[in-house]
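Throughout, read-outs are computed from the coordinates displayed, never taken from laboratory work. Predicted, not measured: the structure shown is a model, and the values here were computed from it. Please note: Cβ atoms are built from the backbone with ideal geometry, for glycine as well, and neighbour counts cover all protein chains shown.
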C-alpha cells in the first residue's frame, strides 16, 4: 500500500461519512473499491482495519446516520464485504456488530434504502466479496441470508438478478471445496447449516422452474445455467436430481420463449458427467426439445446440440437434419425424406416472413459454424453449397423455374438479413475441399449480386468477402481469368462510381485485397492493367469522400507493386505526384495516413521506386508538419525503414557496410540528414501526442545505440543546424533543466534559459537529450484519465470542498 | 395485453453513457450506444451480454438508433458492431453519420495513447461500422421492416441531433436523446408532432433546473475573456472538435467585431476547416438566422479566428486559444495549459463537463498543484472558470415537450436520481400520467391498449347513417354492430347478410322455447288476454301485440296458451324466442312463473 494513499484515507473517510458535503461521482467510489480490492489481496490487507481506524469509524457512522446517501451506503456495503473477506477483519467487524447491521437490512435505520437498486446491488456485491472463508459462510447460513438472496433472484433489475446467480453459484461451490456434500453434512453443526442452506437453494430452484409465472421460470433457468456451470460434483448431480422433473415438464411444454434458456441449461449439463449418466436423461431432454412442434425451437436446439463436443451420433444426425431442413426445404433440395408432419411444421413457419427470416438465419449461421468446425460425414457439402446458392438466387428473385417453391418465398426477395447471412456461409464453404468443383456456380451467383443494381452496400461488402475466399481456393484457369477480365472488373469499375461512398470504398478495399492475394499471378496482373483498373484508381484519388480516397491510395499502392516498374516509370512518377498532392492538400487525415503507409510499403518492397526516392525529403518534411498525429507516426515508421535501409540494420537495406567502413556510414548519416530525417525525429520528440513522441524517442535511442557502437564521442563530425528549428526552444528548456541537475522538480514560468550554439554535433545532441530519461517519463503516465489511487482520493477531497456542483453534461 | 418494455443498460438514473433497450410489438431496438469516459477498462462500454449471451446481437436486435454524435451516445458503437458483432441496420441522421467518425477517431487517439490498450476499436472498425449506418432525414418515415417504422425530429442540442418516433402497429415510443427547447446561436429549438406515443423517453439532465438566460451566461463569458485580454493575459478554452466550440466561436467573432479588438483568436489546427465544412454541408440543420444570412455571409467563416500553431503558445501578449480535447486530458489543450498554468494573468475557461481523473476535473475542483509525469509538480496560478454552455432542455423545456407530444406515459433517463424524482412527481401531478425512472438494468413494463384498425363495408356505414344520428367523428367513438370477418390477415366489419353472402352460408334461426305452468281458472283465450294485459302494463315501451291467431307477441317472443288435459285450470304457456331476445325471454318466463295478478 502506498503511504501517500494511507495518509489521505482518514480524510477521505471523513468526507464520505459527512452527508452534508458534495459527493464525488460514482466512478470515484468504484475506482476506490478497485484499490481496496487490490490492497486486500496483498499481505497488508489482513491488518488494514487495526491500522486504519478511520475505516471502522466510517462504517460506524454509516450505521448511525439518518441521512446517508444511497450511493455511499452501497459503497459501504461493498467495502464491508471486502474488508470481511479476511478472517481477522471479519472477526473484528462481527465483534463491532457491523456485519449484522450491514447484511441484515431489517436493522437499517432507513428501511427504504433497500428500494434503491444500487443499494441492493451493493448488498449482494458486499456479500459476494465477503464469502471467501468458512466463518463468512457460517455467518451467511446462520443469519439465513440465503432467503434474501433467493428473493432477489426475481428482482426487476437484470443486474441484480444476474449478481444473485453469481453469489449463489459461489456459495454452492464454496461448500464443496474440500469435502463432498454428504460428509460435510455429517461433520459439524456449521456444516449442517451449509447442507440445509444448500438443500434450500436446490428446492427453491426446482420450485422456480415449476412456477406458473414465466418471469420466475426464466430467472430460475438462468440461475440453473450459471450454477451448473460453476459448481462441482457431486453437487451438480444432486442439483440435477432436484430440477430434472420440472425441467422435463418445461421441455415438453415447447414454449418458444424458454427454448434458449432451457438449451443453455442442457448445454452446460452436456459438458459435464451428467451427460453420460442415463438416469440424468440429458440426451432425452435434448431430443424432446429437438422434436418440438415449434420449428424455431427445434432449429435453435439443433444448433446447440451440434456445438457439443462428444455428441452421440444418432442425436447429432437428427440435429443436423433439423438444422439443414429450413435451408434445404426452401431451396427444394432433399437430403432424406421426412414425414409430412415434419415438412408441414416447417412449411407453415417458412411461408410467413415474420417467422421465416429468423428461422433461415438461425439455420444458416449455425451451418457456417458446423461446416467450419468439422467435416460432415454423411452430408454432402456440395448439396449444402448448392442450396445456399439457390437461396441467394431466391433472395434476388432470380430463382430457376425448376424451383417449384421459390415463388412461395417471395418475402425473401431483397431481404438483406438473409442475404448477408447466406453470403457469410457461402464464403465459409469455400474452405471445404469438396467444393473444388462448385467454384463456377458460386462465382456466378456472387457476380449476380455484383450486377444487381439495388443490392444494399453491406450485402455488397459481404459479396466481396465471399469472392475473395472463393478466389483464394481457385486453381488458376483460363476461364477464371476470363471471368475476372470480362465480368468482374467491368462491374468493379461501375461500383467505383456508385453514388454511395460505402459501395465505392468497399469496392476499392476489395480491389486492394484481391490484388494482394493474386499479385503473384501474371494473368491477374495482366487483366488488371488491360482493363484500365489503374486509371480507375487514379480517378478515385479525387473522390469527394476521405475514406474512399484513402482506400484508393491503398489500392493504387498495392497495384503498383504488381507491375514491372522498370517499364513503367511514368506510371510511378504519376502516382508519386498524385500521392504527394494528397499529402499536401487533402483536408482529411485518412488519405494522408494511407499515403504514408503506401510509401513505407514501397520502401520495404524489393522493387525499386525511383520516383519516391527523389521525393523522400519532401515526404518527411510534409509528414512531420502534418496536423494529424497518426500521419506523423506513419512518417516515423517510414523514417525507421529508411534508417534501417541506409544504416544496414535490416533486411530492406540497400547498402552493405562493413562495420569498419566509417566513411560509408558517415555518408549514409549525411544522406539521412539531408533528407531531413533527424529534423523530423527531433521535432516529433517534443510533440504533445504521446505515440508520436514515444516513437521518435525510440528511433533516436536506436540511432544513439548505433552511433555509440560505431563512433567514439565526437568522431561522427556530423553537425545539425538547430537555430530556427521549431523544436529548438523545447530542446533548450530540456537541456537547461538537465544542466540544473534536477535541483528542483517544479516547473516555473519565466525561467530564463541560456542560449545554445547554432550548430551542434549529432552525437553530443543525443547524449545531451538524455533519451532514456525521456522514455522513462513517457512510460510513467499515459492514461487519458489519471487513475492512481492517490489522484482519486485527492479528487474526492477536493470535490467535497466545493460549494456547488459543476453541472453534469454530456460529451 | 401487449406491453412495451424499456431497459436502460446505461443512462438509467445517471449521465454516464446512454444505451437503452426497447421492446415494442415484438421488435427489439437499441437506443444509443454510448461509452463512459470516466473508465478506461471494460466498464466504459455497456455490458452487451445482458442482451444475449451467445454474442449474436444481430439475431436479437432489429435496429440500433443513435440520437447524436456525442461519445456518451455513440462511443461504444464500433465496439458493439465490429467487436461484439452486429450486422443489422444502424440509424442516425446525415450530419451525425458524417461527424460521428471524427469524434470516434478523436477518442481512439486518446485511448491508443494509453499503453497496453488492446481491447479497443481501430480506424478500420470505425469505418466498417459507419458503413452499416442508414442515414435519416427529418420527418421522413423509414420502414425498418414490414412492421417497424421510425421517424426523426429536430432536437437542437448539437448539429444533427434528433429525437425519434418508433412505431410498431399502433404502439409507439419516442426517444428524445439530448435536446434543447430554446434556440442558441447556431441551432434551432427541438420540435415534435402531437404524436401521442405510448411512452416518451426523455433525457432529464437539468430535471430540476430552470436555467438562467443564455444571454447572461454569454455576457459573463465575454466579460471574463475581455478582462483577461485587457490585462494582457491569455485565455485557453478546451473544447471538443465540434459542437460547443462553434457556438463560442460565433460569440467571440461577433464580440471582436463589435469591440474592434485586436488580440488574436486561434483554433486548434485542422479543426476549423473541418468544422466549417460540416456546418456548411448541413446548413439546413442550423437555426433560421444562420440559414438566412448564409446567402450573404457564412457565419462559420471567421475573420478573427485563425489556425493555431503550437509555436504561437509562447508568443508574448494576449490571445484566446480554442484547443482540443475538452477535458484537458491529453494533446494540445493540455500542452498549452502546462505552458500557461503558472501565470496568474492567464485564464482557462472550461465550457463543458469533465470526468473524474482528468486535469480539467482536478482544476475545476480547485486543485492548485498537479502532479505531472515524472513527478514534476505543476503549479496552477491561472484563473479557472467553469461556464456551462451545454444545450439541454431544462425542467420548463421538458414540460413543454410533454405538452407537444402528449404521451400516455413518461420515462426519464440521462439524469441524476434525486433530480429525476422531483421532476417525476411534477409530471405526474401536472399531466396525470405515469412517469417512470428505471435504474440501469431495471425493466419498466408499460401495458398498452392498441387499437386494431378494421375496414368497414360501405353498406354497413350507409345503414348506420340511415338510422340517423351524428356523422362519424374520430373524436367521438360510438358502437357499431356487424359481423367481423378475419381473413388473410385482414379485418372487415360487414353486415350479417353480406357476411353470409360472402362466405356462402345460409342463415339459420335459433329459437329457445320453454313451458310455464300456471293455475288460472279461465278459458284459454281469457288467460291469453289476461297475460296480454299483464305484460302490457309491465313492459312499457316494448311492442306487445295480441295477434288474431291466438298468440301474444312481445318483440320476437311468441306466447301460446293451452290447457292441461287432466286439470283444465292448469294452463301451459309456451314461450318461444330468438337468441337476440334471450334476456327478455328469460325475464318473461320468470315473470309468468310468479302467476298473474288477481286484479286483471
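Zone of residue A:57 (label point 7 Å along Cα→Cβ, backbone N under 12 Å): which residues in segment A:3-37?
Under 12 Å, as judged by backbone N against the label point of residue A:57, lie A:9-18 of segment A:3-37.
Run the quick spin-label model on residue B:369 and residue B:254: label points 7 Å from Cα toward the beta carbon, then report their separation in nm to one decimal.
My value for the distance between the label points is 4.5 nm.
Suppose each label sits 7 Å from its Cα in the direction of the beta carbon; what would the residue B:461-residue A:448 distance come out to in nanometres?
In this crude label model, residue B:461 to residue A:448 measures out at 4.5 nm.
Within a 10 angstrom radius of the beta carbon, how do A:666, A:462, A:20 rank from fewest other beta carbons to most?
Neighbour counts put them in this order, fewest first: A:20, A:666, A:462.
In nanometres, what is the gap between the two model label sites at residue A:621 and residue B:514, each 7 Å from Cα along Cα-to-Cβ?
Between residue A:621 and residue B:514, the label points sit 11.1 nm apart.
Report, in degrees rounded to the nearest 10, the 0 to 90 angle that the Cα long axis of helix B:244-259 makes with the longest principal axis of chain B.
60
For segment B:311-393, what is the relative contact order in percent, using Cα pairs closer than 8 Å and at least 6 residues apart in sequence?
With pairs under 8 Å counted, the relative contact order is 31 percent.
Helix B:214-230 versus the longest principal axis of chain B: what angle, 0 to 90°, nearest 10, using Cα atoms?
Computed tilt is about 10 degrees.
Could you work out the relative contact order of chain B? I mean the mean sequence separation of Cα pairs under 8 Å and 6+ apart, divided by the number of residues, in percent.
After rounding, I find 14 percent.
Given R₀ = 56 Å, FRET efficiency for residue B:208-residue A:720 by Cβ-Cβ distance, to 0.05?
0.35
By count of other Cβ within 10 Å, fewest leading, how are B:452, A:631 ordered?
In increasing order of surrounding Cβ atoms, one gets B:452, A:631.
Given R₀ = 35 Å, FRET efficiency for residue B:502-residue B:408 by Cβ-Cβ distance, to 0.05?
FRET efficiency, residue B:502 to residue B:408: 0.40.
Using only the C-alpha atoms of segment A:146-266, find the volume of their convex hull and express it per residue in Å³.
In segment A:146-266, the Cα hull volume divided by residue count equals 91 Å³.
Please find the FRET efficiency linking residue B:291 to residue B:170, where r is the Cβ-Cβ separation and R0 is fixed at 35 Å, and quote it to the nearest 0.05.
0.45
Quick check on segment B:214-386: what does the Kirkwood estimate of hydrodynamic radius come out to from the alpha carbon pairs, in Å?
Averaging 1/r across every pair of different Cα atoms and inverting gives 16.7 Å.
Going by how many other beta carbons lie within 10 Å of each one, how would you line up B:151, A:115, fewest first?
Result, fewest neighbours first: A:115, B:151.
Given the peptides A:440-451, A:492-503, arrange them by the average over their residues of other C-beta atoms within 10 Å, most packed first.
Most protected by this proxy first, the peptides run A:440-451, A:492-503.
Taking only C-alpha pairs under 8 Å that are 6+ residues apart, what is the relative contact order of chain A in percent?
8
Compute the helix-to-body angle for B:395-405: its Cα long axis versus the longest principal axis of chain B, expressed 0 to 90° and rounded to tens.
40
Restricting to the protein assembly as shown, compute how many DSSP beta bridges are antiparallel as a %, nearest 5.
Once the DSSP bridges in the protein assembly as shown are tallied, antiparallel ones form about 60 percent.
Can you compute the radius of gyration and Dmax for segment B:511-594, using only the Cα atoms, both in Å?
12.0, 38
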